[in-house]
Structures are given as C-alpha cells and as structure tokens.
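One structure coming up, written as structure tokens, with questions to follow.
The values are calculated or read from the model by the stated rules, or taken from the named source; none is laboratory data. These numbers were taken from a predicted model, which means no experiment stands behind them. Glycine also receives a Cβ, built like all others from the backbone with ideal geometry; neighbour counts cover every protein chain displayed. Areas reflect the complete protein model, heavy atoms only, side chains present, ligands, DNA and RNA absent. Shrake-Rupley method; radii C 1.70, N 1.55, O 1.52, S 1.80 Å.
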Amino acid sequence: MKTTFKSIVLLLSATFILSGCGNNNSKSAGNDGALRSSKAEKVYVAPGEHDSHYAFISGGYSGNVTVYGLPSGRLFKEIPVFSQFPTSGYGYSEETKPMLNTSFGEIPWDDAHHPDISQTNGVLDGRWIFINGNNTPRIARISLKTFETEEIIEVPNSAGNHSSSFITENTEYVVAGTRFSVPVPQKDMPIAEYKGNFKGALSFIKVDPETGRMGIKFQIMMPGFNYDLSHPGRDKSHGWFFFTTYNTEEANSLLEVNASQNDKDFIAAINWKKIEEYVDNGGGTKMPANYAHNVYDEHTHTATSTMKKEVLTVNPADIPGAIYLLPTPKSPHGCDVDPTGEYIIGNGKLSADLTIHSFTKMLDAIENKKFDGDAYGIPILNYEDVLAGAVKSGGLGPLHTEFDDKGNAYTTFFISSEVVKWKVGTWEVIDRKPTYYSVGHLTIPGGNSRKPFGKYMFAMNKITKDRYLPTGPELEHSAQLYDISGDKMELLLDFPTHGEPHYAAAIPADIVKGNSQKIYRLDENKHPYAVTNQADAKVTRNGNEVHISMSMIRSHFTPDNIEGIKVGDKVYFHITNLEQDFDVPHGFAMIGQNTSELLIMPGQTKTSVWEPKQVGVWPFYCTDFCSALHQEMQGYIRVSPKNSNIELSWTLDGE
Amino acid sequence: MKKAGIIMIIGSLLLLGLFKFPLWNIMLGAPQYPEPLGLDIYINGIQGASEFDLQNIDGLNHYIGMKTLPKPEDMWEFSIFPKVIGGMVAIGVLIGILGFIGKVSYKWFIGWFILMSILGILGMYDFHLWLIDYGSNLDPKAILKLVDEQGNPMKYDPPLIGHKILLNFDAFSYPHTGAYMMFVGMMLTIVAFFVGKKEYKKS
C-alpha cells in the first residue's frame, strides 16, 4: 500500500515537472529570438524541394486566385478567373474574352471570395476548384490539371453572390446564395417597399461528375433576408445545406443599426435532396432569365459564351418539409459543419459566443413538429430544441470555423484578432493565439470536409500594419501559418497575400501534382486557326480582315516578315506555340496594340487583334525569355496606306 | 546433342528481343532538363525515351547545326538490321534443330557465334561512324559555332559507350534491354558449343 502511494506521488511529480518544462519551453519560444530557429526549420523548404501542400487563396478584389505553397508561403502562380490578366492575355485574347461575358456585357473584374475544392465521398479529390464572383454573381470552375479557369456561369436573380461557392460532398452541387435580396424579376419599384417584396435566391448549380460542367438546376426563392455564408451537410447531414442569414429585419437603410435589432437571426437548413426530388418530378416554375454560361474548351483553346434564357425557380411554400429556420444569435456570419456532419456552427458576429446546433436534435424537433412560428411559411424551430451547446470564448466577433483531424475546431475572432481552438462536443476552449491583425477566414487543408488534414492552419488577416516593410499607404494583406499538430497552436510564418484574400482552400500536394499538365498536345489542338507545323503558316485577307496563322518555336516566328497590311485593317494574329516541352511558353507583343500581349503555352493557340493606325514598318517580338536567341525572336509588319495596292506577302528567311 | 540443340535454339531466339526492346540508349541531361531527354535506338528506328524527346532534341540541336534525327526511311540500316537479325535467328534456330536431331556438328554453333560476332562488330562500327557524322557534319550556318581546346570545331557525337560532356549536356550512352538479351543469347550459343562438345565426347 505504502509503495503504491509512493510510486503514485513520484509519477505525479514527474508528470508535473515534465509538463512544467514543456510550458516553460513553449513560453520562451515565443519571446526568445534564439529559439525561433526551430520555427524557421518548420517552414524551410530547401532549394529544389517541394512544399507539402498547395493553398489556393482567393484574391477578393483582384478577381483571381493565387496559388501558394505550404509551409513555405511561397507564391507559385496567379490564376486569372474573373479579371483580365495581361500577364497571359486572359480576357484580352479573342479566345478568352467570352469567359468574361455576362448579361451586362463584358465585365473584366469581380470580387472573388470563397474557393472550394471538389470532393468525392466528402474527401478532397483535387480535380477542380470552384470560386464565386461576389459582385456580378458568377461561379467559376478552375481545372487543377491545367490550373486554368475552364468555366464561368452567371447566376440570375441574385445579387452579391456571397454565401457561395460551397460544394456538397460528392460535388453534386455548388451553391450560389444571394447576399442582397432584390426584386425578382428585377423591376422599377420604391426601395422602401423592400420588406415582403424582395427575394433571396439560393441557386443550386449541378456539376457533371465527369466533365465538371455546371448548370443551374433550381433556385429557391427565399424571404428577403441577407444570405451570408453557407455550408453543406457532411456524412450524416449529407443532403442538407445550411445558410446563415442576417437582416431578418428586412431593413433597407442604415443596416448597421437596423439589421442588428433582432437578438437572433436564422440559419436556414435546406433539404436539397428533397427539393431535387421535387424538381425531378416536374416541380418548380420556369421563369424567363438572361444569364451567361461561358465554357473554355481545352482542345480548341477557345471559350464560348452562351446566353441562357430560363431558370427553374422553387417557392419554399410549395415543398413543405424541405426548409427550416434555426434561430441563431446574433447576426451570424460563418456557417460551418463539423466533419461528422452533426454540428452546425453559427458564429454570431455581434456575439462573444459560438452557437452550435445539433443536426440530430434538429431532425428530432422537425419530427415532433416543435415549431416556434414561421417566417413567410417557413417553420422556425425552437432555439433550445436544436442547441447542442455554446463555446463561451470571451473573444469578440467570431467569424469562421474549421476543423482538424482530432476532433478540434478553430474559430477566428475578428474584433479580438485571435484564433481560438476548442473541443467539438465539450465546447471547452483549449488554446488561443493572437493574429496580426483582424482575422477573417482561416483554412485547414480539408478543414471543411469529412477528412481534414490537420497539420497546418493559416489565418487570413485584413490588416497588415507593421508586419512587413512598409510600401506606402497600400499594404498587401497578411496570412499567418500555424502548426496545429500539437495541443497548442504555434505561429510559424507570416506571408503577404495578393488582393484581399477572403477564404482559401488547401490540399496535400500529392493529390494534385501528379495530375498537373505539362504541355498541350499539338496533335489534340483543334483550334480552327492552329498551325501545327511551320510549313502551314499563312496569311489570308477577307475584306479588311487579315488572318495571320503564325507559328512560334525557339527562337523564331513563322512568318517573320509580313507586307500588304493596310491602315484600317483588322489584323488577327493566330499564334501557335509548336514546342512540346514543359515550361517553354512564348510571348507575343505588337507595338501599338490596344489589348495586351499573349503568353502562349506549348501546343496552345491564342489570338489577338491589332488595328494598325499608322503606316510604317512595325516590329513584334517574343515577350518571354525563351532561349539564348530570345532577343532575335522578332519580326516586322509593313503597314501601307489604306488605298495601297501592295499585295499581301509573307516570308521567313526570304523564302 | 539434344541439350546443346535446345540451348542453341533458346540462345538464338533471345535475339528476337531486339525487335521489341531498344538496342541502345542515349540520355542527355542538363540543368534545365532535370528530367533528361533520351533516345532509344532500335534496330528499325530511333524513338524518344519520352514522347516528345525526339522533337525536343532536334529543337535544341538546330542551334549547333546538327541534322534532325533520322527517321527509319532516312537510313538503310533501319531496313537491313531487322533482316540480318531475323535471318541470324532463323539460321541459329535451324542449326539448333539440326544439332538436336544430330544432323550437324556442334562446331556449327561456334560458327554461328563467330558470324554473329562479326556482324555485331560491323554493326557497332557502322553505328559509331553514324554518331561521328551526326555529331560533326554540321550546318555551316549553325547559330552556335564552338571550338574545342585545340581550336577545332566542336564535335557533338555522343560516346559509343559511356559518358561524355557535350556543352551543357551530360550524355550517357549504354546498351539497353535488346542488347543485353542479344548478349545473353550469344553467350548461350557458346554454352551450346561446349555442351555439344561434351555430349559428342560422351557418345
């Protein structure tokens, strides 16, 4: 007995000493510069070595997506999505202009918010990334084989496409929920009559499992709230989608006050499988619409834009039992579902606490019809009946939550600038770490799926202040990388991010890099003006249109001398890069051209238009340093007066 | 001479590997080609080790004025070699069968080996001449005109066997599967000779 007691005491004291040591270490690591080297090692990726993860960070007002490596924080690429991009000619070349077409005409910009990687059985499969255009509602699909935007679909009846673009666990649907409710269809009416008259469209866009092609399957015409963020159900809640709302007051002016009156807004829980079934059986109302569907074909290297004229709408009142409202304090912003699908986390941005709803309790309350009234016919459940618990955090302004692989959740707090780690199920706070400063979203690779990869977490901060060398009044936003493999989070790295990063999606590199394409095959190039060998290069005139089918290879263009072009002509350069070697693009730039240069990948064809305005002999050249003789990669075009009768001719080396 | 005949037949048949596998392989690695470019030389033509290697090697070679790599129809060797190999396999198998049924002496086995060796050496010599011509008979308008330490025009012939540095490229030239199969096959014909000799003495 005595010995047992002794050994327990010994054991306890040993544990105490050990844990005490651990605490001391972690404390000093934060303050002592000398010990920071261990952090440097954790983010150091030696020359020639690869990062373990890709991070795809939305560019916000840049309209693009940037690709970073983790843990190094190195920028690999900017993928143009909603914005013209002179670096590659995206949105300037004739082939990619249709990508930016909308019902409002060409819109060469958007506000890109929430990327989401495609999933199979709730696990990231690394095939595509979807991202929303917030300003002029659009959803884009980026291929993770080519890292190019392949498709953009406009979303009608929507405005401020914010609760978007989140996908269901087999990439069945990508949603586009409207932030602003608007008159549907749009009409001239007094703004003061908003209440009861405006609608909030939640669009369910079907994704083809093979090609990824998108099509709007149905739009749910919800009451005129603001639909802020959303998250699909997972695992047990697969088949449901959850949307946070604010302005359930349906105020139309000074929302910062008037939309903050209700103690509780809602999370709208939508049984999309039920609605899908209703629609498949002929339910819903077709209404006229006008929206663009833009698809880029990898083989013709050309995008086409089709205007769609109709959309199927669904009135919630017509499908009882498909939609319920979960009261959630207090103007909830983030809406996140844990990997098991049981818990739906609503972060009241004006609250200090997190509200966690239970999916099981929700189903139970629905079963037993425990309703607390309704909103425009949609049943409201009792707050207490669906509540699983709350995280009493003491932080301020909770926004977004992601999950690791050990049953923990991580929530960002905007106002108190911190990330709080808490235990799912016990709601106990485990750790908290400051961020610098004003954190918005955070990302754990796979952290919004059924299978998080819980090694890293990074926070995307809105304010940079003193983190880097100052660059005038404008600073790039700052992201911060944390190691979350231990009990305590450890800040490893600051890195600047381009644009205004909102959300990011991250994935282990192994899932993506093996599929990454190295070239476009010339023998699959179906561009109508492609020349797949130099001998086929030609120049043809059709009225005042001149089509130059040109090839490029290290280190020359074919042809490189062209005569017979006249002022007032519309000259199309259709240029094919004949290289079939990884990472050997060539560029093309023409003096005085009113678009951008082109950057053409191996095996690819791109077209740009030049309208010469002055007579003369004008040079063009390759803009991408391609070989030792890159400087020699150039040519001339002779431009004659409009009434000149010089014949069209072209040569290479005088032949 | 049953055993010897069978070994002779197997040995001869191993040469058929040359119709399926490359005889020789040349790899060209450089700092900007972390995945080296490669040539697989078959008895009936040259193929890239990876799909676009031929095109990429030709593309690079135009800077130093080298001819493009020969297509099968550009070289008589690529139509003759398969016939020679095919013929030698047929003869070897025939000798093996005749030896098996006791119609020819084991000395025919070594005879076949000597003939094959002579043909092989001639083939290697021809290959060597082609490499020299390919690497030194350059376009006079070549973009890069380099000289070696003695001031002679730089030659770009890869080594017949082994390693050589060609400008920024490390060239490695070694026999490939087909050649190894041929080598093993020819060794077997020598074995057949000795086994036959032993069997002859026993009887």
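Using only alpha carbon pairs under 8 Å that are at least six residues apart, calculate the relative contact order of segment A:295-408 and give it in whole percent.
Once normalised by length, the contact order is 26 percent.
Could I ask something else about it? Just to check, using Stokes-Einstein with a Kirkwood Rh over alpha carbon pairs, what's the diffusion coefficient of segment A:40-93 at 25 °C and 0.890 mPa s in µm²/s?
Rounded, D is 198 µm²/s.
Under the rule of -39500 (n - 2.57) per DSSP H run of 4 or more residues, summed and divided by the residues of chain B, what mean residue ellipticity at 222 nm is obtained, to the nearest 500 deg cm²/dmol?
About -17500 deg cm²/dmol.
Assuming 1.306 mPa s and 10 °C, estimate D for segment A:281-422 with Stokes-Einstein, Rh taken as the Kirkwood radius over Cα pairs, in µm²/s.
Diffusion coefficient, whole number: 87 µm²/s.
I would also like to ask the following. Which one of A:Gly89, A:Leu481, A:Val539 has its Cα pushed farthest toward the positive end of the charge dipole of chain A, where Lys and Arg give +1 and Asp and Glu give -1 at the Cβ?
A:Leu481
In what sequence, largest accessible area first, do A:Met221, A:Met601 appear using a 1.4 Å probe?
Numbers: A:Met221 25, A:Met601 55 Å².
Sorted descending by solvent-accessible area, the residues read A:Met601, A:Met221.
Each residue of segment A:160-171 in order: what ³J(HN,Hα) in whole Hz does its phi give by Karplus 6.51 cos²θ - 1.76 cosθ + 1.60, θ = phi - 60°, with x for Gly and Pro?
Running phi through 6.51 cos²θ - 1.76 cosθ + 1.60 with θ = phi - 60° gives x, 7, 9, 7, 6, 10, 9, 10, 6, 6, 10, 6 Hz.
To the nearest 500 deg cm²/dmol, what mean residue ellipticity at 222 nm is calculated for chain A from DSSP H runs of n ≥ 4 alone, each contributing -39,500 (n - 2.57), summed and divided by the residues?
-3000 deg cm²/dmol
Loop only per DSSP, at most 11 neighbouring Cβ atoms within 10 Å: give me the chymotrypsin sites (Phe, Trp or Tyr not before Pro) in segment A:46-142, ordered by residue number.
Listed in order of number, the matching sites are A:Phe104.
A:Thr435's amide H: which non-local residues (gap 5+, or another chain) put their own amide H closer than 5 Å, with H modeled 1.01 Å from N in plane and none for Pro or chain starts?
A:Glu418, A:Val419
Could you tell me whether segment A:524-655 comes out rounded, prolate or oblate from its Cα gyration tensor? Rule is a ≥ b ≥ c as square roots of the eigenvalues, rounded for a/c under 1.5, then prolate if a/b exceeds b/c, otherwise oblate. Walk me through the numbers before you get to the answer.
Values: a/c = 1.75, a/b = 1.58, b/c = 1.11.
Cα axes put segment A:524-655 in the prolate bin.
For the protein assembly as shown, how big is the tail of P(r) above 51 Å, as a whole percent of Cα pairs?
Numbers: 138960 of 367653 pairs.
Of the Cα pairs, 38 percent sit more than 51 Å apart.
At 0.890 mPa s and 25 °C, plugging the Kirkwood radius over alpha-carbon pairs of segment B:77-131 into Stokes-Einstein gives what diffusion coefficient in µm²/s?
Values: Rh = 12.3 Å.
After rounding, the answer is 200 µm²/s.
Not counting ligands, DNA or RNA, and with a 1.4 Å probe, what is A:Asp263's accessible surface area in Å² rounded to the nearest 10?
90 Å²
For B:Tyr42, A:Tyr437, B:Tyr125, what's the largest-to-smallest order of accessible area, 1.4 Å probe?
Most to least solvent-accessible, the answer reads B:Tyr125, A:Tyr437, B:Tyr42.
Still on this model: For segment A:499-655, what does the relative contact order come out to in percent, with C-alpha contacts under 8 Å and a separation of six or more?
After rounding, I find 26 percent.
Which whole-Hz ³J(HN,Hα) couplings does segment A:498-514 yield from phi under the Karplus relation 6.51 cos²θ - 1.76 cosθ + 1.60, θ = phi - 60°, glycine and proline marked x?
8, x, 10, x, 9, 10, 9, 10, 10, 8, x, 4, 4, 6, 10, 5, x
At a probe radius of 1.4 Å, what is the per-residue accessible area of A:Asp523, in Å² to the nearest 10?
The accessible area comes out at roughly 100 Å².
Another one. Scan chain B and note any complete DSSP helix (H) whose C-alpha atoms cover at least 24 Å along its axis and whose Kyte-Doolittle average is 0.5 or more.
B:77-100, B:107-136, B:177-202
Now a separate question. Which cross-chain or sequence-distant (5 or more) residues have an amide H under 5 Å from the amide H of A:Tyr482, H modelled 1.01 Å from N in plane?
Correct list: A:Met457, A:Phe458, A:Ala459, A:Leu492.
Also: P(r) for segment B:1-116: what percent of alpha-carbon pairs falls in each 10 Å bin, starting at zero?
Final binned percentages: 13, 32, 22, 17, 12, 4, 0.
Next up: Considering all alpha-carbon pairs of segment A:161-300, what whole percent are spaced by more than 21 angstrom?
48 percent
For labels at A:Thr306 and B:Tyr180 in the simple 7 Å Cα→Cβ model, what's the distance in nm?
5.4 nm
Here's a follow-up. Using modelled backbone amide H atoms (1.01 Å from N, in-plane), which distant-in-sequence or interchain residues come within less than 5 Å of A:Gln634's amide H?
Counting only residues 5 or more places away or on other chains, the set is A:Phe557.
Please list A:Ser644, A:Ser52 from largest to smallest accessible area, probe radius 1.4 Å, with all protein chains kept in place.
If we order A:Ser644, A:Ser52 from most to least accessible, we get A:Ser52, A:Ser644.
Suppose we look only past 18 Å in the calculated P(r) of segment A:436-558. What percent of the Cα-Cα pairs does that tail hold?
Looking at segment A:436-558, the distances longer than 18 Å represent 69 percent of pairs.
Ordered by residue, what ³J(HN,Hα) values in Hz, to whole numbers, does segment A:395-400 give under the Karplus form 6.51 cos²θ - 1.76 cosθ + 1.60, where θ = phi - 60° and Gly and Pro are x?
These are the phi-based 3J(HN,Hα) values: x, 10, x, x, 10, 10 Hz.
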